[in-house]
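Have a look at the structure below before the remarks.
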Amino acid sequence: MIGFIGCGNMANAMINGMLKNNIKSDDIFVYDTDKSKLEIMSKNGINICKSSHDVFKKSKYIFLAIKPNVYSDVLNDVKGVIEDGSVIISMAAGFKIDSIKQIIGSKKVVRIMPNTPALVGEGFTAVCFDNLIDEKEKNTVMSLLKSFSCVVETKENYINAYSAISGSGPAFAFIFIEAMADAAVLLGIPREEAYKAAQQTLLGSSKLAMLSQKHPGELKDMVCSPGGTTIEGVRTLEEKGFRSAVIECIVNTYKKNLDINSIR
Ligand SMILES: NC(=O)C1=CN([C@@H]2O[C@H](COP(=O)(O)OP(=O)(O)OC[C@H]3O[C@@H](n4cnc5c(N)ncnc54)[C@H](OP(=O)(O)O)[C@@H]3O)[C@@H](O)[C@H]2O)C=CC1
Ligand SMILES: O=C(O)[C@@H]1CCC=N1
């Protein structure tokens, strides 16, 4: 049985993916303090629990899909009902496995960093397991995560970097899409067409990079004719510090994760 504390953006994305991959709604138990979120879950046939305690009692694999600012309160509230066999799956930015164990004691904890494209089955999740998780539990968690995302097992040390790259990354990609579409509108293309062109261009470019396995620089070169139009755009991006802006953006997002870590 699978439990969710919190039914917001990430829980929705994950549950959606699970349901599309043959996990039965009957096997999912959820709780949220916001009753309107529970109503939506109920309409999808998911079991609604009266409290977080109830979720822990009914599930073995429990996803903590709540914001980091309520983590300590929720963990303190449920620590008495967590069984030794329960597997707690944490996704909060900046919360180390050790910090969780300091509150709930020596229990099984998995730390993941998912992202919202899970909503359409195209998520990316970095995962690390604590040493109390056995092989069978690890395989179950991996297959749950794979139902909505591409999964990479990593060291906990890297989770903050993944948080910046793939966890926050969709927000940065959406800004890029929006900016491209704004430029298209400025050039007279209707808004709907502009989004379609920007979205498909990013999707297609990502797919090409993945499937061709060519270096991104080589793929960029394939678009730039000598003395042509694209290289003029590339020159403008370099002049405006596009690469540096992206690198600084990721590094500062990573640093914010470290800041949050240091206070938890
Ligand atoms: N969103 C993202 O792109 C990503 C998020 N994460 C992590 O995932 C976690 C969840 O984020 P997200 O889904 O965006 O958050 P949301 O705010 O969308 O969802 C959290 C839900 O939990 C509810 N809630 C608040 N307190 C409690 C409580 N005590 N018990 C049960 N439910 C409660 C909230 O209600 P209310 O709104 O009324 O407070 C809300 O409905 C966070 O820790 C975040 O760091 C990780 C990677 C990506
Ligand atoms: O901003 C946040 O807290 C979360 C972490 C990764 C993406 N969003």
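Data for the structure
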quantity	calculated
Kirkwood-based Rg to Rh ratio, the range 169-262, C-alpha trace	1.02
Accessible carbon and sulfur surface of the range 169-262 relative to its total accessible area, %, 1.4 Å	64 percent
Ranked by how many other beta carbons lie within 10 Å on average, peptides 217-230, 84-97 from highest	84-97, 217-230
Prolate/oblate/rounded label for the range 108-165 (Cα gyration tensor, a/c 1.5)	oblate
DSSP bridge pairs, the chain: antiparallel proportion in percent, nearest 5	15 percent
Exposure of PHE172 as accessible area (Å², to 10), given a probe of 1.4 Å and all protein chains	70 Å²
Principal semi-axes in Å for the chain [√(5λ), Cα gyration tensor, largest first]	39, 21, 17
Among 46-56, 3-13, 26-36, 190-200, the order from most to least packed when residues are scored by Cβ within 10 Å on average	3-13, 46-56, 26-36, 190-200
The chain - mean residue ellipticity at 222 nm from DSSP helices (-39,500 (n - 2.57) per run, n ≥ 4, rounded to 500)	-16500 deg cm²/dmol
Accessible surface, per residue, of the range 2-157 when the full set of protein chains is kept, probe 1.4 Å, Å²	46 Å²
P(r) weight above 22 Å for the range 81-235, C-alpha pairs, percent	56 percent
Per-peptide average of other Cβ atoms within 10 Å, ordering 156-164, 201-209, 233-241, 72-80 highest first	156-164, 72-80, 201-209, 233-241
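The values are calculated or read from the model by the stated rules, or taken from the named source; none is laboratory data. Computed from a prediction, not measured in an experiment: that's the story for all the values here. Cβ sites come from the backbone with ideal geometry, for glycine too, and all protein chains shown count toward neighbours. In case anyone asks, the SASA skips ligands and DNA or RNA and just uses the protein heavy atoms, side chains included. Shrake-Rupley method; radii C 1.70, N 1.55, O 1.52, S 1.80 Å.
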